[in-house]
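Q: What follows is a single structure, and I will ask about it in a moment.
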Amino acid sequence: MLSARTLSLNTAIWPLQYAALVAAMSVIFGCDLGTLFINQQYLSNLFLLSLNRSHVIIGTYILGFIFGTFISGYVTYGSGRKITIVSSSLVGSFAILASAVAPNFAIFLCSEFVIGFSFGLFFIAACLYNCELMLPSLRGTALSFIPIGTACGTLLSLITYTDPVSKPLVVFIVLVILNLILLATTVIKLPESPRYLALTGSTDAALAVLFKLRHDMGMAARELAEINECCRGENRSLEFYIQNTIYRRLLAFICVSTFILNMAGSFIIPYVLLDNLSLVLLCEENNYCYYDLNSALIYTTFTLIFISVLLHALALTRFSRRFIVLFSLSTACTFLAITTITSLLPHSDLKNYILTIALLAFIFFGMGFYSIFMCVLIPELLPIRGREFGFAAIVLAQGIGQLFSMQAYTPMIHQLGFSSFLAMATLLMGISLYFLYLFLPPLTGQKSLEGIELRVMSLPKFMSLRHLTSAATSNTMR
């Protein structure tokens, strides 16, 4: 007979298949985004874009992402997680295929807007679904599947770099076919989130899903009782935000921190690296010279992002969320400060090597921090009655910060200089690190979502959030 520990582990592992199925659908979005980055020069030449208009493609994608996250709270609130995941992935797949065969720039931009819109919807619904499906012991692992899938897609996009004329179409056709197979499997096999069902009053359906996931009616009934305890009350989303002071201050703190982190370069520094520092001057025999991208630097950057997200996901099984977030952010801030100091040195090959290595290290720790902070810690921290609204608001702040920083970094570099731009980013990141150190709670993979919520919502004041204990309550299930 199997031991109790083995049975408990099997119960925790069983829902991972559904989380992995959802995360697999993020690969195609990551591939499209990576293709936009590495083929930006080719796309500018194809559509005859001037240098000051070459950022409009990425900007359109982010604008669509902002609109997608803007309505995602309402869609996941009314339609549920499963329908949102299926519909957004389906629309995004066909939009990606349309972008690959777009006959002109207008259709290409519209396609990228729809892709960004679909990814915004998908990202919110997928994170909520994986968060609400799992037992505490593997909840962080399931949530980290989504950034891993996206990073895997960006790594896959490197295939399109060597031959941007024909390979993207072939790659995307294969990915769309695979994604349609995943969608068909999702429609047939994927259960709805039990916490969403309980929140909407479908108690019997929630219990049936929990029994399917846990294979133990007693465990399912106890978990449903915890969920119902937190679902009491008629206020949800915006009404819950207005009436609950702790939730209101928690959401404001995370939104402001997310916006500042984007302004500090968590997204724009990798973009600057690929957009400016990866350019190399090539000259042919007829003295015709032109700029091209350093393929080795691009391969290194995308590979580092994937490895970083993977290693940070593995670290979740050994360290608390707070430790991983603070350690990675402080290390990224340190390397950004080294980059700032190095940029002040006289021009030399040694300076370029140190600058590149420091920026790559910043990307490694910065992207790892961002994957845990946005995809793991925040969904776990938000209460069930405000989870859709709160997470959508936070990701919306992220998208606005990305769009604003992307539009502002070129004028800032021209007016202030590259060193001043890096110094300002380091200062903003240091401020964010200080506030996260003050208020970030010590969450681990040992407490149920309801256990975390009860402790957070019962705090006497928001300032006590840092001292939230991580000890498991008597009702916590592993």
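The values are calculated or read from the model by the stated rules, or taken from the named source; none is laboratory data. Because the structure is a prediction, the values reported are computed rather than measured. Virtual Cβ from ideal backbone geometry, glycine too; neighbours counted across all protein chains shown. All accessible areas refer to the heavy atoms of the entire protein, side chains included, with ligands and DNA or RNA removed. Shrake-Rupley method; radii C 1.70, N 1.55, O 1.52, S 1.80 Å.
Q: Output ³J(HN,Hα) for region 394-405: one whole-Hz value per residue in order, computed from phi by the Karplus curve 6.51 cos²θ - 1.76 cosθ + 1.60 with θ = phi - 60°, and x for Gly and Pro.
A: Running phi through 6.51 cos²θ - 1.76 cosθ + 1.60 with θ = phi - 60° gives 5, 5, 5, 4, 4, x, 5, x, 5, 5, 5, 5 Hz.
Q: Over region 378-451, how many percent of alpha carbon pairs lie in each 5 Å bin up to the one with the longest distance?
A: Going out from 0 Å in 5 Å bins, region 378-451 shows 3, 13, 14, 18, 18, 13, 9, 7, 4, 2, 0 percent.
Q: Give, rounded to the nearest 20 debye, the magnitude of the charge dipole that region 88-243 has about its Cα centre when Lys and Arg contribute +1 at Cβ and Asp and Glu contribute -1 at Cβ.
A: 240 debye
Q: I need the peptides 375-384, 423-432, 352-361 ranked by packing, meaning the mean over residues of other C-beta atoms within 10 angstrom, with the highest value on top.
A: In decreasing order of mean packing, 375-384, 423-432, 352-361 become 375-384, 423-432, 352-361.
Q: In whole angstrom, note down how far apart the Cα centers of region 75-154 and region 173-211 are.
A: Taking the Cα centre of region 173-211 as reference, the centre of region 75-154 is 15 Å away.
Q: Would you mind getting the accessible area per residue of region 323-435, heavy atoms of the protein chains only, 1.4 Å probe, in Å²?
A: In whole numbers, region 323-435 has 38 Å² accessible per residue.
Q: Also, quick follow-up: Find how much the distance from Gln415 to Leu178 grows on full extension, using 0.36 nm per residue of separation minus their present alpha carbon separation; answer in nm with one decimal.
A: Length gained, Gln415 through Leu178: 80.6 nm.
Q: Could I ask something else about it? What distance in nm separates the simple spin-label points at Thr185 and Ile341, each placed 7 Å from Cα in the Cβ direction?
A: For Thr185 paired with Ile341, the spin-label model returns 5.0 nm.
Q: What's the carbon and sulfur percent of region 208-249's accessible surface, probe 1.4 angstrom, rounded to a whole number?
A: Roughly 53 percent of what the probe reaches on region 208-249 is carbon or sulfur.
Q: Also: Based on the Cβ-Cβ distance of Phe319 and Arg222, what FRET efficiency does E = 1/(1 + (r/R0)^6) give at R0 = 41 Å, to the nearest 0.05?
A: The value I calculate is 0.90.
Q: Please identify every one of the GluC sites (Glu not before Pro) in region 208-242 that sits in a loop by DSSP and has no more than 11 other beta carbons within 10 Å of its own beta carbon.
A: For GluC sites (Glu not before Pro) across region 208-242 that sit outside H, G, I, E and B with at most 11 neighbouring Cβ atoms in 10 Å, the list reads Glu234.
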